[in-house]
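S.K.: Sharing a structure below in structure tokens format, with a few things to ask.
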Amino acid sequence: MYKVFINNKCIFLTNDKDDFSGRTGKVLNYENEPEFLATIDEFEKNKTAENLFVLGPTKKIISLFPLIEAAGGLVKKNNGQLLFIFRYGRWDLPKGKMEDHETPQETALREVAEETGVTGLEITKELSPTYHVYRLNGKRVMKKTHWFEMSFKDDSNILPQAAEEITIVKWLGKKDIPWIMVDSYASISELLTNSGYL
């Protein structure tokens, strides 16, 4: 099953209806692309709907969207604090799009260093990717973000990357995470939950 975010709401894609057990939301049996895309449009506009369940061939459904790949890091201090950025009025984790011939690991290390100024980064664990659908030049695309837990050697030059509209880079502890999630993204909450930080 794939969990895909769209405007902080969830679309679940699966070929097994048992995956919907115990969950509430609209169910769509996938039959064709136009109906599916029209249902997504309706779901996105509906302010009260939280979940959409799509039953059908997941790989085929995902292939309907051009794929953009990105990667980022969950950087952890020895005291358990995590490194967050603040951009466009939201708390986020450092991440960015993959460049040609880069691996997800290389992208994640480069993007975290560029966006935060932290150096000596090392990947300690691969985390589950997140998916979200958004519009780019009027067409829907799917972004897959690869995530990695990281350690570091030096944060003395911590600095927000102004060119990327980042205004704050900050270490935050577990007690801070619930209040920043109010101004964050559902995909970040999902990542932190699955990684045991929420």
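The values are calculated or read from the model by the stated rules, or taken from the named source; none is laboratory data. If you're wondering where the values come from, they're calculated on a predicted model, not measured in any experiment. Because the Cβ atoms are built from the backbone with ideal geometry, glycine has one as well, and the counts that use them run over all protein chains shown.
S.K.: Select, from GLU50, GLU69, GLU35, GLU102, the only residue that is of a type outside the set (Val, Ile, Thr) and farther than 29 Å from GLY196 by Cα.
M.R.: GLU35
S.K.: Mind checking whether some residue in the stretch 28-46 is surrounded by 14 or more Cβ atoms within 10 Å (Cβ to Cβ), on the phi > 0 side of the Ramachandran plot and more than 19 Å from the chain's Cα centre (by Cα)?
M.R.: No, the stretch 28-46 contains no residue that is surrounded by 14 or more Cβ atoms within 10 Å (Cβ to Cβ), on the phi > 0 side of the Ramachandran plot and more than 19 Å from the chain's Cα centre (by Cα).
S.K.: Quick check, is ILE68 over 17 Å from LEU159 (Cα atoms) and either within 14 Å of the chain's Cα centre (by Cα) or surrounded by 13 or more Cβ atoms within 10 Å (Cβ to Cβ) (or both)?
M.R.: It is true that ILE68 is over 17 Å from LEU159 (Cα atoms) and either within 14 Å of the chain's Cα centre (by Cα) or surrounded by 13 or more Cβ atoms within 10 Å (Cβ to Cβ) (or both).
S.K.: Could you check PRO104 against (1) in contact with a helix residue (DSSP H, G or I) (Cβ under 9 Å, 6 or more places away or on another chain); (2) surrounded by 12 or more Cβ atoms within 10 Å (Cβ to Cβ) and say which number it fails?
M.R.: Of the numbered conditions (1) in contact with a helix residue (DSSP H, G or I) (Cβ under 9 Å, 6 or more places away or on another chain); (2) surrounded by 12 or more Cβ atoms within 10 Å (Cβ to Cβ), the odd one out for PRO104 is (1).
S.K.: Continuing with this model, one more query. Restrict the check to the stretch 105-115 and report whether at least one residue is in contact (Cβ under 8 Å) with a residue 12 or more places away in the chain and in contact with a Ser or Thr (Cβ under 7 Å, 6 or more places away or on another chain).
M.R.: No, there is no match, as no residue in the stretch 105-115 is in contact (Cβ under 8 Å) with a residue 12 or more places away in the chain and in contact with a Ser or Thr (Cβ under 7 Å, 6 or more places away or on another chain).
S.K.: Would you pick out the residues in the stretch 39-63 that are free of Cβ contacts under 8 Å to residues at least 40 places away in the same chain and closer than 14 Å to ILE6 by Cβ?
M.R.: Matches in the stretch 39-63: THR39, ASP41, GLU42, PHE43, GLU44, LYS45, ASN46, LYS47.
S.K.: Since LYS170 meets every condition but one in (1) farther than 14 Å from PRO94 by Cβ; (2) of a type in the set (D, E, K, R); (3) over 16 Å from the mean Cα position of the chain (by Cα), which condition does it not meet?
M.R.: LYS170 satisfies all of (1) farther than 14 Å from PRO94 by Cβ; (2) of a type in the set (D, E, K, R); (3) over 16 Å from the mean Cα position of the chain (by Cα) except (1).
S.K.: So, in the stretch 113-150, exactly how many residues are under 22 Å from GLN161 (Cβ atoms), surrounded by fewer than 20 Cβ atoms within 10 Å (Cβ to Cβ) and of a type in the set (Val, Ile, Thr)?
M.R.: So the answer is 2.
S.K.: All but one of (1) under 14 Å from PRO129 (Cβ atoms); (2) modelled with pLDDT under 95 hold for THR107; state the number of the condition that does not hold.
M.R.: Only one criterion in (1) under 14 Å from PRO129 (Cβ atoms); (2) modelled with pLDDT under 95 is unmet by THR107, namely (2).
S.K.: Go through the stretch 90-131 and count every residue that is of a type in the set (D, E, K, R), touching an Asp or Glu at 6+ places or on another chain (Cβ under 7 Å), farther than 12 Å from ALA70 by Cα and assigned to a strand (DSSP E or B).
M.R.: Selection size over the stretch 90-131: 2.
S.K.: Pick out the one residue from LEU64, LEU37 that is part of a loop (DSSP other than H, G, I, E, B) and of a type in the set (A, V, I, L, M, F, W, C).
M.R.: After applying the criteria, what remains is LEU64.
S.K.: If you don't mind, another one. Residue pairs, Cβ under 7 Å, 6 or more apart or interchain, first in the stretch 117-132 and in the same structural domain as GLY72 (by TED's automatic domain parsing), second among the polar types (S, T, N, Q) and at pLDDT 95 or above. List them.
M.R.: So the pair list comes out as GLU122/SER151; ILE123/GLN105; THR124/SER151; PRO129/THR145; THR130/THR145.
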